[in-house]
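Written out below as structure tokens is the structure these notes cover.
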Amino acid sequence: TYLIVAGPNRWPTWDEMCQIKQQYFDPEEPVVQYEQHTGDLTGYSADCPACNGTLACMPKYNVYKNGVTTFSDKEYGNVNIVATSKKVPCGSIIKYNDKYAIVLDRGVLGYDVDLLVESEAYAIQHVGRSEITYEIIRSGW
């Protein structure tokens, strides 16, 4: 069973979530509450003029030298690499538009997400700027 619960100005309290679980789920069914945010999705690349290929959350993992834009996560497999602000912990897994990504870099504000892609040209042509809503599936490592 999948149920989304949110009000216009706030998330439900724990007590409210417990009442919803009792009403809609069997006692043995697990219920998970994901944090959800809205921000702008943009693209960036390791070959930009101010970039050196290192990631803020994993400085020894050089995406420029290795030519990668993804990361092999033990739990979620091969996922895209994104940059966020410090509001989303390093190692967090986010889900947006039915895609999974891991936070391994910094450099954006608020709840925006910057997707690592192969080149600046690809970022401009294929990613652009759009508003997305994403869920934090795993918070941190």
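Give the value in nm², to one decimal: projected area of the alpha carbon convex hull of the chain, averaged over all directions. Walk me through the intermediate numbers first.
On the way: hull surface 39.2 nm².
Reported value for the Cα convex hull: 9.8 nm².
Determine, for each peptide in 17-27, 97-107, the mean count of other beta carbons within 10 angstrom over its residues, then list the peptides with the highest first.
Values: 17-27: 11.3, 97-107: 17.3.
Those peptides, ordered most packed to least, come out 97-107, 17-27.
Could you work out the Kirkwood radius for the range 34-76, taking every pair of different alpha carbons, averaging 1/r and inverting it, reported in Å? Please report the intermediate quantities before stating the final value.
Working: mean 1/r = 0.0800 Å⁻¹.
It is 12.5 Å.
For the chain, which whole percent of the accessible surface, found with a 1.4 angstrom probe, sits on carbon and sulfur atoms? Walk me through the numbers on the way to the answer.
On the way: 4490 of 9010 Å².
Answer for the chain is 50 percent, counting heavy atoms of protein chains only.
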### Message
Can you say what percent of the DSSP beta bridges in the chain, counting only those with both residues inside, are antiparallel? Round to 5.
### Response
70 percent
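What is the ratio of the Cα radius of gyration of the range 80-141 to 2.2 N^0.38 Å, with N the residue count, to two decimals? Working shown, then result.
On the way: Rg = 11.1 Å, N = 62, 2.2 N^0.38 = 10.6 Å.
For the range 80-141, the normalised Cα radius of gyration comes out at 1.05.
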### Task
Putting +1 on Lys and Arg Cβ atoms and -1 on Asp and Glu Cβ atoms, find which of Cys51, Gly107, Tyr76 reaches farthest to the positive end of the dipole of the chain.
Cys51
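Could you report the chain's accessible area per residue, 1.4 Å probe, as an integer in Å²? Provide the component values of the computation, followed by the final result.
Details: 9010 Å² over 141 residues.
Per-residue value: 64 Å².
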### Query
Once you measure Cβ to Cβ distances between cysteines in the chain, which Cys have no partner under 4.7 Å?
Cys18
### Query
How far is helix 14-24 tilted, in degrees, relative to the longest principal axis of the Cα atoms in the chain, given as a value from 0 to 90 rounded to the nearest 10?
70 degrees
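The values are calculated or read from the model by the stated rules, or taken from the named source; none is laboratory data. Predicted model, so just to flag it, every value in this text is computed and none were measured. Positions of Cβ are backbone-derived with ideal geometry, glycine not excepted, and every protein chain shown enters the neighbour counts. Just the protein is used for accessible areas: all its heavy atoms, side chains included, with ligands, DNA and RNA removed. Shrake-Rupley method; radii C 1.70, N 1.55, O 1.52, S 1.80 Å.
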